[in-house]
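In what follows, a structure is listed as structure tokens, so that the remarks can point back to it.
Please treat every number below as a calculation from the coordinates, not as lab data. Every value quoted in this text rests on a predicted model; they were computed, and no experiment measured them. Virtual Cβ from ideal backbone geometry, glycine too; neighbours counted across all protein chains shown.
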Amino acid sequence: STVLRIVPDLISQGYYAHPWIGAQFFELNPFLADALRDAKMDLPVESGLLILETVDNAPAEMAGFRGSTITTVNDRRLPLGGDVIVAINGEPVETFRDFTVYLQTKTTVGETVDMTIITDGEERHVVVTLGQQPRN
């Protein structure tokens, strides 16, 4: 099904427009989640994508996503704060692979998606209109 989605764009445009939100992430795992909690971050999940920063004027910034600030705790540099993406349209996001596979196989540029995020320990939903990943 992915080929059926991509090939017509390749033929008509010479490229495929990849859906994109414009953010850099750090993949959470139980070890990092514990370290962040030790640094007093309110984090009720053990997995997901912690937003490190958003790209200027990209969909993530337009939707109001917050990035992290880097701080040193016990001689370790940690990304504190920031939103954590835990689902897209109700589908769990535990890893960066989950996120990219979902975007590439189930969405298109310009589509609106419902992202479930954790902000300051609270779950909330944010509607994001997907942009096109910049071509280099």
- line: Counting only DSSP loop positions in the stretch 51-136, the trypsin sites (Lys or Arg not before Pro) whose Cβ has at most 12 other Cβ atoms within 10 Å are Arg135
- request: Please give the net charge around Arg97, taking every other residue with its beta carbon less than 15 angstrom from that of Arg97, where Lys and Arg add +1 and Asp and Glu add -1.
  value: -3
message: Order 126-133, 37-44, 113-120 from most to least packed using the mean count of other Cβ atoms within 10 Å.
response: 113-120, 126-133, 37-44
field: Vicinal HN-Hα couplings computed from phi for the stretch 19-29 (Karplus, 6.51 cos²θ - 1.76 cosθ + 1.60; Hz; Gly/Pro x)
entry: x, 7, 10, x, 8, 9, 10, 10, 6, 6, 9
message: Using DSSP to call loops (not H, G, I, E or B), can you name the GluC sites (Glu not before Pro) in the stretch 32-136 whose Cβ has at most 14 other Cβ atoms within 10 angstrom?
response: Glu46, Glu111
- request: Filter the chymotrypsin sites (Phe, Trp or Tyr not before Pro) in the stretch 13-56 to those in DSSP coil with at most 12 other Cβ atoms within 10 Å of their Cβ, and list the result.
  value: Tyr15
